[in-house]
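Below is one structure, written out as structure tokens; comments come after it.
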Amino acid sequence: MNLIVKLGDSFGADKLIEIKSAHTVLNFGLNFVNAAAEILNRTAEAGLKVKVRTTADPIIDLNYAEELKVILPMFTLHDQLMRDLERIGVYGFTCTPYYLDNKPQFGEHYAWSESSAVIYINSVLGGRSNREGGIIDIACAITGKTPYHGLHLSENRKGQILFKILFNDWDTFDLTSIGLKIGEIAGNKIPVIEGLKNISTYNLKNLGSASASTGAVALIHVIGKTPEAKNIESAFQNDKPEEIIEIDKDSLKEVKEKYSTEWKNPPKNVSIGCPQLNEEEVITVLNKLDGKKILPNINFWICTNELTRDSIKKSKHFEILKKSGAKLTTLCPLLTPLPRPLMTNSAKTCFYSNASYRSLDTCIKVATEGKK
Ligand code: F3S
């Protein structure tokens, strides 16, 4: 309680509010979370429990222990973290818990810390959360409260910069690149996008996670899509944009190159799904893999949540997966340090690591035909 009160004071919050759920990024057993892991351990030792439904980011996928054996020794804190999260009542390990039972509702308040998930709940579902931090998220989950500041207040959800998308034949690769560009420009301001009203919610997830990587963006109003942005007036709360920026297809070339690391050698690993994919997205990937075979020296990872993985395993699409040699997994391709060269269609993975940034089609082509 002291922790979140101090946090609230630092942001000028005058009270705490009840939250409906929490989501923590404190899940990974790598050494860099040492200090937070110790706090979590003391929390569990003290017998404290979360008060609201709380999920956590993905963990290592031990179903692939053989393929990952080179990197497994790095996960020194894995068992302790898992045990302590379980002791305080956290379960469900995915960065897209809104595809499970932790699905925020319009106008309700939350304390989530995974940036790609925070931007999704604010922009797609109309729930309200700031970008919390690891341990703060646990403190919020245990108290069931968060400081009332930032995006919890309606006036702070007002759009600030208008982005006009000047072309309409965009694909997912264009959309994630638009996301990278918007995050760069917006910083911590709230972007409003005009011209994407037909975007799917999963592509909005992919675009949002890119913006939340290059910028501190936690809410994007997409006109015609975001519940609070039925039109320009409501997105800007009847005010005027501070700036108007036009994005055409050509301007994306630079961003596609900027965040890509080019490797001389062909990839050892190709990952799809950061943020983790929903069932529709997994099926799209599998349909593209139908009749193809992943080359023997490449691991092709399709990252999703446990529920989707189990559902695909029971579906007719499982046959395609088996024949192709691709791996359906619950791991996070960024925090699992897969041996390089790594190729991915994820803008977020490329922003935070030295991976090559390619479209899904190119990733599949390279993984099945080799790098030309
Ligand atoms: Fe999810 Fe890991 Fe990407 S947590 S958003 S798959 S970095």
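The values are calculated or read from the model by the stated rules, or taken from the named source; none is laboratory data. These numbers come from a predicted model, not from an experiment. For neighbour counting, all protein chains shown are included, and Cβ atoms are generated from backbone atoms with ideal geometry for every residue, glycine included. Side chains are part of the model used for accessible areas, which takes the heavy atoms of the whole protein and leaves out ligands, DNA and RNA. Shrake-Rupley method; radii C 1.70, N 1.55, O 1.52, S 1.80 Å.
Amide H contacts for L328 (H built 1.01 Å from N in the peptide plane; partners 5 or more residues away or on another chain; cut-off under 5 Å): I302.
Only Cα sites of region 220-307 enter the Debye sum here, all with the same form factor; the resulting log10 I(q)/I(0) across q = 0.17 1/Å is -1.02, listed in q order.
Dividing the mean sequence gap of close Cα pairs (under 8 Å, 6+ apart) by how many residues region 1-103 holds gives a relative contact order of 36 percent. Reported value for the chain: 133 Å³ per residue, from the convex hull of its C-alpha atoms.
Among W170, W301, W112, the residue with the largest mean-square fluctuation in a Gaussian network model of the chain, with springs joining Cα atoms closer than 10 Å, is W170.
Put simply, the amide H of A216, placed in the peptide plane, has neighbours under 5 Å in G187, N188, leaving out anything fewer than 5 places away on its chain.
Binning the C-alpha pair distances of region 259-369 at 5 Å intervals from 0 yields a P(r) profile of 2, 13, 26, 26, 19, 10, 3, 0 %, listed from the shortest bin outward. Using the Cβ-Cβ distance between K293 and F11 with R0 = 35 Å, the FRET efficiency computed as 1/(1 + (r/R0)^6) comes to roughly 0.10. Each of D84, D101 has its accessible area taken with a 1.4 Å probe; listed largest first, they run D101, D84. Only alpha carbons enter this Debye calculation for region 305-372, each as an equal point scatterer, and the log10 of I(q)/I(0) it gives at q = 0.12, 0.14, 0.15 Å⁻¹ is -0.38, -0.52, -0.60. For the chain, the solvent-accessible area with a 1.4 angstrom probe is 43 square angstrom per residue.
For region 158-255, the percent of C-alpha pairs falling in each 5 Å distance bin, counted from 0 to the bin holding the largest distance, reads 3, 15, 27, 29, 19, 6, 1. Nearest 5 is fine: what % of DSSP beta bridges in region 2-152 come out antiparallel, could you say? Approximately 25 percent, going by the DSSP bridge assignments. Which log10 I(q)/I(0) values, to two decimals, does region 2-152 give at q = 0.10, 0.21 Å⁻¹ under the Debye formula with one point per Cα? With one equal scatterer per Cα and no solvent, log10 I(q)/I(0) is -0.34, -1.30. Lysine pairs in region 2-152 whose alpha-carbon atoms fall under 16 angstrom of each other, counting only those eight or more residues apart or on distinct chains, come to 9.
Tell me, what % of the accessible area of the chain is carbon and sulfur with a 1.4 angstrom probe? Reported share for carbon and sulfur atoms: 51 percent.
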